[in-house]
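Asker: This structure is in structure tokens; I'll ask about it shortly.
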Amino acid sequence: MLVTIRSKNKLELEPKVKAYAENKLEKLEHYFTSRDNPEANVLCKEYPDAKAVEITIPTKNIILRAEVRGESFFEAIDLAVDKLESQIKRHKNKIYSSMKRREGLANYYATENDFNPEQMKEDIMDSANNLVKNKKIDLKPMTVDDAITQMDLLGHDFFIFLNVETNKVCVVYLREDYDYGIIETNM
């Protein structure tokens with residue numbers, strides 16, 4: 001597993017923290033196949049009251065993400081790796097069935113995608129004068145269940161995806177009552 005370690009706010013990490021993170025992330029390698037070539041991105045942040053570690057492992061079909069705080073970077077790394085492993089175990093069947101389904105549909109959607117992200121970006125920029133962040137995403141074809149799983153894995157309260165059943169851009173979101181909702185576009 002290729003591990004990239006960064007820090008924020010000019011924080012200098014000790015070499016033993018980097019080595020510790022690489023060693024702990026090796027624990028997750030057995031969940032991936034050799035063709036996956038997983039890459040783990042580790043971001044370390046320091047706050048007045050705690051140390052924070054964010055680990056993101058993007059793969060071809062899913063993104064695994066954990067962000068935790070601890071008293072030390074070592075504790076935060078342990079907690080983040082444990083959280084990632086728990087996510088993988090909890091969603092193992094959903095993840096594997098999702099990956100199998102998408103492999104067969106990948107070629108179809110590679111040529112049939114008529115969503116124009118550049119046009120959407122222009123529309124947003126025209127209407128937003130105080131935009132503070134611009135994030136680009138790749139729309140991945142998936143089912144609603146797969147999108148909810150991906151949203152839960154990322155720890156977000158919404159997720160944008162291309163619905164394989166309707167071939168429309170959709171947003172699933174977590175409601176205040178902890179149920180899920182979906183917004184479907186008319187294209």
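The numbers here are math on the coordinates, done by the rules we state, and not lab data. Because the structure is predicted, anything quoted here is derived from the model rather than measured. In this analysis, Cβ positions are derived from the backbone assuming ideal geometry, glycine residues included, and neighbour counts consider all displayed protein chains.
Asker: Residues of the range 67-89 with the amide nitrogen closer than 17 Å to a label point 7 Å from the Cα of E46, along Cα-to-Cβ, please.
Answerer: Within reach of a label on E46: 69-77.
Asker: Please give the contour-minus-distance gain from F74 to F32: 0.36 nm per residue of separation, less the Cα-Cα distance, rounded to one decimal in nm.
Answerer: Contour length minus the Cα-Cα distance gives 12.7 nm.
Asker: While we're on this one: Sorted by packing (mean other beta-carbon atoms within 10 Å per residue), highest first, where do 142-155, 13-26 land?
Answerer: Details: 142-155: 19.6, 13-26: 15.1.
Ranked from most to least packed, the peptides come out as 142-155, 13-26.
Asker: Still on this structure, I have one more. Just to verify a number: FRET efficiency for Y20 and S86, C-beta to C-beta distance, R0 = 22 Å, to 0.05?
Answerer: Here the calculated transfer efficiency is 0.65.
Asker: Where does each of 83-89, 47-53, 4-10 land if you order them by average Cβ count within 10 Å, highest first?
Answerer: By packing density, highest mean first, the sequence is 83-89, 47-53, 4-10.
Asker: Provide the packing ranking of 159-166, 172-179, i.e. peptides ordered by the mean count of other C-beta atoms within 10 Å per residue, highest first.
Answerer: Working: 159-166: 17.8, 172-179: 11.5.
The densest-packed peptide leads the list: 159-166, 172-179.
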